[in-house]
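What follows draws every value from the coordinates through simple rules; no lab data is involved. All values reported here derive from a predicted model rather than from experimental measurement. Heads up, the Cβs are rebuilt from the backbone with ideal geometry, glycines too, and the neighbour counts pull from every protein chain shown.
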Amino acid sequence: MTHWLSMGGYWPYLWPSYLLTLLVVVLNIFFARRSLREARAEVRRRLQMQRSET
Amino acid sequence: MNWVWFHKLGSPPHFYRLAGKMLPWFAWPALLLCVGGTYGGLVLAPADYQQGDGFRILYVHAPAAWLSVMVYSAMAVYAAVGLIWRINVAHALAASCAAIGASFTVVALVTGSLWGRPMWGTYWEWDPRLTSELVLLFLYLGYMGLRSAIDDTARADRASAVLAIVGAVNVPIIHYSVTWWNSLHQAPSVMKFGKPTMPASMLIPLLMMLLGFTLYFVAIMLVRARGEVLRRERNAHWIAAAAEET
Amino acid sequence: MFSAIKLQLWRGDQHVLRGLCFTVAAGRCLQLTGVNGSGKSSLLRALCGLLPLEAGAVVWRGADTAADRHAFHAELAWLGHGTALKGDLTAAENLRYSAGLRRTLSGAEIDGALATVGFANADQRLARQMSAGQQRRVALARVLLLECPLWLLDEPTANLDSRGQEMFNQMLDAHLQRGGLAIVATHQALALPAQRLQELELS
Amino acid sequence: MSAPEPVSALKAGSMLVRRDLRLALRRPGEWLQPLVFFLVVTTLFPLATNPELSRLRDMAPAALWVAALLSSLLALELLFREDGQDGTLEQLAVSGLPLAWLLLAKTCVHWLLTGLPLVLVAPLAATALGAPYASIPGVLAALLLGSVALSLIGAVGAGLTLGLRRGGVLLALLVLPLAVPVLIFGARATALAIALEPMAAPMYLLAAIAVLSATLAPLAAAAAVRISLE
């Protein structure tokens with residue numbers, strides 16, 4: 001296991017690469033979902049305003 | 001030729017529903033392929049005879065670099081479709097691409113330079129691939145900057161569409177010029193992808209990662225595009241139901 | 001004959017035009033009125049083709065203007081908020097270049113148009129030395145010089161004094177008598193015979 | 001009542017060229033500024049490094065082209081801004097003439113007023129940076145082609161940022177990445193000229209970019225201006 005983790009001495013370059021990629025993958029999911037949620041909230045707000053107008 | 005599907009896809013409620021239904025069909029295969037590809041790349045694939053275990057950075061660097069270029073092309077195509085046929089759904093798709101593409105361009109740059117450290121002995125080498133990647137990042141940032149500088153969504157859509165198309169015409173020229181410039185000053189780069197001699201145990205995880213990242217991008221884009229479609233739809237009745245979903 | 005068919009226009013979140021329809025026949029003028037922000041300028045710019053319509057069609061001489069924009073524009077004289085005058089050119093130079101872009105002009109024609117809008121022949125002042133009302137007059141002279149059958153004018157009498165408004169009324173009446181059409185957004189009463197004038201109030 | 005006979009596009013273009021030239025003659029200060037900027041920046045380079053001529057010679061292509069790029073960027077502010085504010089562009093857009101052609105005419109004048117003077121003073125700057133006299137024609141030719149391409153590419157950016165607040169910085173962000181190929185080929189051609197070597201290869205590439213920009217950039221600029229006028 002430690003042998004595998006050391007990646008033939010390349011671990012200081014390899015693991016940060018994988019971690020960064022994972023981080024960006026997760027953040028993209030998070031931000032995409034948040035943007036959809038915000039769009040829905042925005043629409044709800046707008047519909048409420050329209051209803052209160054009429 | 002039957003163009004009904006094209007017009008149907010351009011109808012926001014249809015797209016919104018379809019995107020919601022298609023999402024799992026992209027998301028789950030993407031997850032499986034990426035997990036499998038990572039396992040294959042980190043464990044099953046043998047160490048490279050020249051670069052040892054360091055070459056395994058390839059399994060994240062190559063998909064990120066592929067996405068950075070592919071997403072820009074997709075964005076330009078959506079932009080052109082939106083501009084020519086005035087389809088709002090296409091503009092919504094283009095708008096969802098930029099942030100994803102830019103983030104993977106950053107990943108490609110950082111993993112490229114982390115890979116470069118053991119190979120070149122320095123974090124930054126003016127390698128043609130990395131330099132083009134850097135210019136591509138500037139193109140993404142310009143696109144996002146222009147979009148955020150215009151308040152009116154419809155105008156922002158059209159203006160940024162023009163920029164995306166101009167940029168897409170330029171990307172191959174930039175890449176060619178940077179490669180040409182580099183060949184004058186430097187020895188060829190150590191990073192060569194798609195070596196035909198690559199054994200299957202190395203190649204298959206790479207292909208899995210490339211496909212997995214592509215499906216992942218489509219999934220993320222669909223989620224974002226659903227939101228962008230809602231933002232662009234002003235008075236339709238269908239959004240009332242869509243807004244109540246959580 | 002100029003008609004607007006079921007125009008729909010959005011400005012940001014504002015639904016400005018909701019299925020607007022009207023027709024203006026040759027020799028008639030349509031006056032647009034309405035409070036500030038009711039969309040007079042947006043409507044005029046949409047009729048010109050400067051603003052994209054959400055839906056609907058603008059029809060000129062029986063053809064949709066979106067189909068052949070250049071042919072429509074060749075018959076259109078537009079005057080918006082900006083006078084499109086260059087501060088470092090004189091009135092005559094401004095007209096020679098801006099109207100001369102679209103048709104061949106003689107110096108006498110320019111002098112004639114300037115005289116119609118109340119400018120002395122020998123006025124050699126640069127546009128930036130003129131008052132806002134005088135700049136408007138020069139811009140109106142350009143509309144005259146273009147000799148187009150269709151005028152779309154946004155607040156043409158802004159900054160004009162009462163003599164200037166009278167001059168504009170005469171100029172407009174002469175245009176209509178020649179068989180021209182005009183759509184004018186203004187709050188000033190237009191002194192035109194009733195059979196030549198129709199009004200549209202935007203809300 | 002029908003419209004008068006329209007003039008040919010060629011005549012309309014020449015009218016626009018004559019007007020912009022006359023305006024520039026009445027306001028020489030405006031378009032001289034980018035030129036002075038170019039000279040100042042090329043002077044700053046030796047001050048920031050070793051002023052030995054043999055050393056400067058290595059750096060001369062970079063200094064000349066970065067200065068030319070920045071100065072053309074600075075000059076782009078003059079291209080459409082005033083015409084956008086006073087309504088002239090609106091008049092051009094509804095003139096019934098092809099807008100791309102009119103904008104090409106405007107861009108040509110802009111190049112005549114900002115690009116060409118820059119090319120003409122370049123021998124001065126190049127000599128100061130240690131370029132041999134025999135290299136001057138080559139340096140001039142490279143800058144001539146390059147500045148044409150820069151003006152055309154810049155016109156698209158100027159059209160897109162027309163009327164935007166904070167337009168200046170955004171304009172730089174949009175235009176500079178697109179100008180990378182011009183910079184690379186232009187600087188290489190200049191370097192070969194200064195080394196008194198044959199410079200045909202980068203010159204052909206530079207010419208190809210100039211021709212491509214001349215055909216495509218006006219169309220993109222016209223689309224951009226129409227969108228910005230909305």
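One chain, two ends: C:E54 and C:D111. Fully extended at 0.36 nm per residue, the span grows by 16.3 nm beyond their Cα-Cα distance.
In the stretch B:86-142, inverting the average of 1/r over every pair of distinct C-alpha atoms gives 12.6 Å as the Kirkwood radius.
Applying 1/(1 + (r/R0)^6) with R0 = 35 Å to the Cβ-Cβ distance of D:V36 and D:R165 gives a FRET efficiency near 0.80.
Residues in the stretch B:96-110 carry Karplus couplings, in order, of 7, 6, 4, 5, 5, x, 4, 5, 6, 5, 4, 4, 4, 5, 5 Hz; the curve used is 6.51 cos²θ - 1.76 cosθ + 1.60 with θ = phi - 60°, and Gly or Pro positions show x.
Provide the FRET efficiency to the nearest 0.05 for the B:L23-C:M1 pair, computing r from the beta carbons and using R0 = 60 Å. E(calc), rounded to 0.05, equals 0.70. Of the chymotrypsin sites (Phe, Trp or Tyr not before Pro) found in the stretch B:1-106, those in coil by DSSP whose Cβ has at most 16 other Cβ atoms within 10 Å are B:W3, B:Y49. Sorting the Cα pairs of chain B by distance into bins of 5 Å, from 0 upward, gives 1, 6, 12, 15, 16, 15, 13, 9, 7, 4, 2, 1, 0 percent per bin. Taking only the alpha carbons of chain A, we obtain Rg and Dmax values of 22.2, 70 Å in that order.
Note on C:R196 and C:F22: the extension gain reaches 61.1 nm, defined as 0.36 nm multiplied by sequence separation minus the Cα-Cα distance.
Considering only D:T190, D:S95, D:L170, whose Cα is most displaced toward the positive end of the charge dipole of chain D, charges sitting on Cβ of Lys, Arg (+1) and Asp, Glu (-1)? Result: D:S95, furthest along the dipole toward the positive end.
Summary value for the stretch C:85-147: 48 percent relative contact order, contacts being C-alpha pairs under 8 angstrom separated by 6+ residues.
Relative to the compact-globule scaling 2.2 N^0.38 Å, provide the ratio for the alpha-carbon radius of gyration of the protein assembly as shown.
After normalising by residue count via 2.2 N^0.38 Å, the value is 1.11.
Note on A:21-32: average number of Cβ atoms from other chains within 10 Å of each residue's Cβ is 6.
Beyond 24 Å in Cα-Cα separation lie the following of the pairs D:K11/D:K106; B:K21/C:K6; C:K86/D:K11: B:K21/C:K6. Using every pair of distinct Cα positions in the stretch C:68-172, the Kirkwood expression returns a hydrodynamic radius of 13.8 angstrom.
Between the helical axis of D:167-178 and the dominant principal axis of chain D, each derived from Cα atoms, what acute angle in degrees is found, rounded to the nearest 10? The angle comes out near 60 degrees. With viscosity 1.002 mPa s and temperature 20 °C, the Kirkwood radius over alpha carbon pairs of the stretch C:19-105 converts through Stokes-Einstein to a diffusion coefficient of 139 µm²/s. Peptide B:129-142 shows a mean partner chain C-beta count of 3 within 10 Å per residue C-beta. Quick one: pull the percentage of alpha-carbon pairs in the stretch D:9-229 with a separation above 28 Å. Cα-Cα pairs in the stretch D:9-229 separated by more than 28 Å: 29 percent.
Taking 8 Å as the Cα distance limit and 6 or more residues as the minimum spacing, I'd like the relative contact order of chain B as a percentage. This gives 36 percent for chain B.
Take the Cα of A:W15, step 7 Å toward its Cβ, do the same at C:S162, and the gap between the two points is 8.9 nm.
Restricting the calculation to alpha carbons of the stretch C:85-147 gives Rg and Dmax of 10.2, 28 angstrom. Taking trypsin sites (Lys or Arg not before Pro) across the stretch D:101-194, the ones in a DSSP loop with at most 15 further Cβ atoms lying within 10 angstrom of their Cβ are D:R165, D:R166. When you restrict to C-alpha pairs under 8 Å that are six or more residues apart and normalise by the size of the stretch D:9-229, the relative contact order lands at 27 percent. Per-residue ellipticity at 222 nm, computed for chain C from helices alone with -39500 (n - 2.57) per DSSP H run of at least four residues, works out to -9500 deg cm²/dmol. Placing a label point 7 Å from the Cα of D:E52 along the Cα-to-Cβ line, the residues of the stretch D:126-151 whose backbone N sits under 17 Å from it are D:129-131. Summary of packing: across the peptides D:174-186, A:34-46, B:147-159, D:147-159, the per-residue average of other C-beta atoms within 10 Å ranks them, highest first, as D:147-159, D:174-186, B:147-159, A:34-46. Between D:V121 and B:S148, the distance separating the two model label sites (each 7 Å from Cα on the Cα→Cβ line) works out to 3.6 nm. At q = 0.18, 0.19 Å⁻¹, what is the log10 ratio I(q)/I(0) for chain C, with the Debye formula run over Cα points and no solvent? Relative scattering, expressed as log10 I(q)/I(0), comes to -1.31, -1.42. What the phi angles of the stretch C:125-140 give under the Karplus curve with 6.51, -1.76 and 1.60, with θ = phi - 60°, is a coupling list of 5, 7, 4, 6, 8, 8, 6, 4, x, 5, 5, 4, 4, 5, 5, 5 Hz, glycine and proline written as x. Computed from the C-beta positions of D:M59 and C:D88 and an R0 of 41 Å, the FRET efficiency is 0.50 to the nearest 0.05. Ordering C:R18, D:R19, B:R224 from the fewest to the most neighbouring beta carbons within 10 Å gives C:R18, D:R19, B:R224.
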